[in-house]
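To keep things clear, I will list the structure first and then write my remarks on it.
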Amino acid sequence: MRKRTLSAATSLAVLFSSAALVAGTAGSAAADSSVLLPVSSVGDLVVDGVHQKIFISDPAYGKVVATDYAGRVLATVTGLPGVTGLALSADGASLYAAVPGADSVVAVDTTTVTETARYATGDKTDPKHLALAGGKIWFGYEPTGTDHGDIGSLDLSGTDPVVKLAQDDETNYSGAPRLVASPGNPNTIAAASSYYNRFKVATYDVTSGTANRTARNDSTLSGVTNDLAFTPDGTRLVTANAGNVHHVWQTSDLTEVDTLPSDYHGAAVAIAPDGTVAAGSDSSYGKDVFVYKPATKTAVRTYDFPSTGSSSGGDDLADGGLAWEPNGSRLFAVTNNYNGMVRLHVLDEPTKSAPAVTVRVPATAPVQKALTVSGSVAATLALPAGTPLAVTRFDVENPAGKSLGTKPLGANGAFSFTDTPAVAGNVTYKVAYAGDAQHSAASGTALVKVSHNKTSITLDKNKSIHNYATTVTYTATLGPTYKNRVVEIWADPWGYEPKRLLKRGTVNAQGKLSASMWMSRDTTVTAVFAGDARNGWAQAVSGVYTRAGVSTTLSRHYKWTKIGNVNYQTYRTSNYVLITTWHNAYPNRLTRNDAQMWIQGAWRDLGPEWFALDRYGKAYVRFQGDPVLAGYKFRVRSSYIDGASGDNVNSTVYGPWKYFNFTR
């Protein structure tokens, strides 16, 4: 305990001391898919309609992989160094593979996917491409160490296999020629150079068992022929060459009769039983596949394969990497990229036009106000006006979607209609076309951010001041809302006290909710409405002030003396006055002690002094008696001053005056 002394030497000056005391894109509904294959290169692919299998050769790893139509691997045949060309027997029972690294043609059972026989084609023949016609296996080969390609045959009809080489030495193919058999004539095959120099294409009649050339074209076309295919009737041959077109040749004399627009370097061509042509290009930054209906030159459908590696462009269609399902309903494509990733793509509706549905809505809109949804449906085969489009709206109340019925397609493929969003938040409009025999199903979506209605909420008692330890009731008033009528009232006392929920409840019929709080600090009281599907989040804040608690007591007097109307505690001059002050405790809080003396008919200030409170909020001060003080009257009071008493968590309070005097 500290003391205060007063003497005549200090002109009755007072010395005090004390003890320490927180929009719209388009989309297609076609179920196209792709799968990564366990191969690193692509030599050829064929589709087995009997067993519904796809066979892909991998020259780099010397194997043939068999998958189902979904791309799931069923089996693998290994030990086939450099395996490239593949061909199916007419009954689908056997797959034949050209294996240049073994100078042979290998037979594979298509049911068990196991090697059943290996037929030598001659030392250093390096057979690479196959075709089955006239009861024989025809192979394009390039003798080791040369760039001269020729055609050989393998006859398995007798007791022993018979190989016959050099059946067209005169044509002088560049590289082992690619071969294809005519579906319209079982005794006709065609061949084309497979290297960049010396473009050659020729047709052969193999009825006699020997390849008798019937036509040849030594065109000035540049670049390699990566694939070739006959039309179903055998009257036309389509080749995939360098340039932005696929070339169409008349098989009777191999004059060029037409071209089909494609892109960059031609990589593959496959023709369906009905004559639909799939023209494939090796184009990282353009379209990869163009599908043409018979007798048309405008692609009914195109495909662009995305990148599945680190390249900025898309994946590349592999040479010869297109094949139709035998009934023509699906198209299979194989792609590769610089990362050695090979994928099988299953294209489910390749002969149907793929509409692109574009939907447009405003970026923002108010709730319960009409907005315009517009857009277009573009297709290679235009849809007629009046075509019904199904419209669905998705919002917070209908996350699975709410049907808005159908809207008719207008002229020039455009549509427009109005709708009134019932609720706020992210609202998505989906416009869908169901598809038909000529068009795939398609849909597009667009998102509009719908704003909430402004919500009115108030809270009373803002800027009110209350005494310490009083209970105050706060009332929040919520205006009209959609469905939610729940309000929370929170209290956040200043200082180290945590924020706490006073009450959460549904407002009454007048929109009111009340909560009471015992006040100990200045407090921020907040009424919060969480919002609902139409009305936005809102809050009201009241800053409420609480005076600090205060009490002052004097002790060690020997009697009470009434002077006028005031009771004084009387002390001997040889004793001291013990002044005990209390404020509600807070770390490092101070109290201000004011002392006054009655002199010449008025109270005169002796000066304020500051004293630290202990952890209980108390300070003990001794006012020392002195003989010179006999007969004088004094008074003291304790005060908390906001911002000056060491903190600002309470509002200023001045305690009552306490009166005392001294006698001898």
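Relative to its residue count, the stretch 457-546 spans a Cα convex hull of 79 Å³ per residue.
Going from the fewest other Cβ atoms within 10 Å to the most, the residues D319, D642, D253 appear in the order D253, D642, D319. Segment K449..N484, full-extension length gain: 10.5 nm, with 0.36 nm per residue of separation and the alpha-carbon distance subtracted.
Filter K352/K449; K407/K449; K124/K200 down to the pairs with a C-alpha to C-alpha distance above 30 Å, please. Cα-Cα > 30 Å for K352/K449; rest within. Panel values: the stretch 426-483, Kirkwood radius from alpha carbon pairs, Stokes-Einstein at 20 °C and 1.002 mPa s, translational diffusion coefficient 124 µm²/s. The translational diffusion coefficient of the stretch 548-663, from Stokes-Einstein at 4 °C and 1.567 mPa s with a Kirkwood hydrodynamic radius over alpha carbon pairs, comes to 88 µm²/s. Around the Cα centre of the stretch 457-546, unit charges on the Cβ atoms of Lys, Arg, Asp and Glu (plus for the first two, minus for the last two) sum to a dipole of about 220 debye. Remark on A267: its backbone amide H falls under 5 Å from those of G280, S281, D282, a criterion applied only to residues 5 or more positions apart or on other chains, H modelled at 1.01 Å from N.
What is the projected area of the convex hull of the Cα atoms of the stretch 356-448, averaged over all directions, in nm²? Spell out each step's value before the answer.
Details: hull surface 22.4 nm².
Directional mean of the projected Cα hull area for the stretch 356-448 stands at 5.6 nm².
Placing a label point 7 Å from the Cα of A585 along the Cα-to-Cβ direction, the residues of the stretch 609-635 whose backbone N falls under 12 Å from that point are 613-619. Multiplying each eigenvalue of the alpha-carbon gyration tensor of the stretch 91-150 by 5 and taking the square root yields semi-axes of 22, 13, 8 Å, largest first, rounded to whole angstroms. For the stretch 391-403, putting each phi into the Karplus relation 6.51 cos²θ - 1.76 cosθ + 1.60 with θ = phi - 60° gives couplings of 10, 10, 10, 10, 8, 5, 8, 9, x, 8, x, 10, 5 Hz, in residue order, rounded to whole numbers and with x for Gly and Pro.
Computed from the C-beta positions of A414 and Y69, the FRET efficiency with R₀ = 60 Å rounds to 0.95. Going from the residue with the fewest nearby Cβ atoms within 10 Å to the one with the most, S456, S182, S555 rank S555, S456, S182. In this structure the amide hydrogen of S34, modeled in the peptide plane, comes within under 5 Å of the amide hydrogens of V346, none closer than 5 places in sequence on its chain. Taken along its principal axes, the alpha carbon cloud of the stretch 269-347 reaches lengths of 38, 23, 17 Å, longest axis first. Taking Cα centroids, how far is the stretch 166-193 from the stretch 419-477 in Å? Cα centroid to Cα centroid, the span is 70 Å. Under 5 Å between amide hydrogens, built in the peptide plane, is the criterion, and for L404 it picks out V391, T392, R393 among residues at least 5 positions away or on other chains. Applied to the stretch 605-620, the Karplus parametrisation 6.51 cos²θ - 1.76 cosθ + 1.60 on θ = phi - 60° returns per-residue 3J(HN,Hα) values of 5, 9, x, x, 9, 10, 9, 6, 8, 7, 5, 9, x, 10, 9, 10 Hz, with x for Gly and Pro. What the phi angles of the stretch 655-663 give under the Karplus curve with 6.51, -1.76 and 1.60, with θ = phi - 60°, is a coupling list of x, x, 6, 10, 10, 8, 9, 10, 9 Hz, glycine and proline written as x. Taking the fewest neighbouring Cβ atoms within 10 Å as the starting point, the ordered list for D58, D169, D532 is D169, D532, D58. Report note on the peptides 414-426, 36-48: ranked by the mean count of other C-beta atoms within 10 Å, highest first, their order is 36-48, 414-426.
Partners of K53 within straight-line reach, counting lysines whose Cα lies under 17 Å from its Cα and excluding those fewer than 8 residues away in the same chain: K63.
Legend: P(r) of the stretch 55-158 from all alpha carbon pair distances, 10 Å bins from 0, whole percents, reading 16, 50, 28, 6, 0. If R0 equals 45 Å, the separation of the Cβ atoms of D218 and T116 corresponds to a calculated FRET efficiency of about 0.70. For the chain, the percent of C-alpha pairs falling in each 10 Å distance bin, counted from 0 to the bin holding the largest distance, reads 3, 12, 15, 12, 8, 7, 7, 7, 7, 7, 6, 5, 3, 2, 0, 0.
Read-outs throughout are calculated quantities, based only on the coordinates presented, and are distinct from any laboratory measurement. This is a predicted model, so every value here is computed, not measured. Positions of Cβ are backbone-derived with ideal geometry, glycine not excepted, and every protein chain shown enters the neighbour counts.
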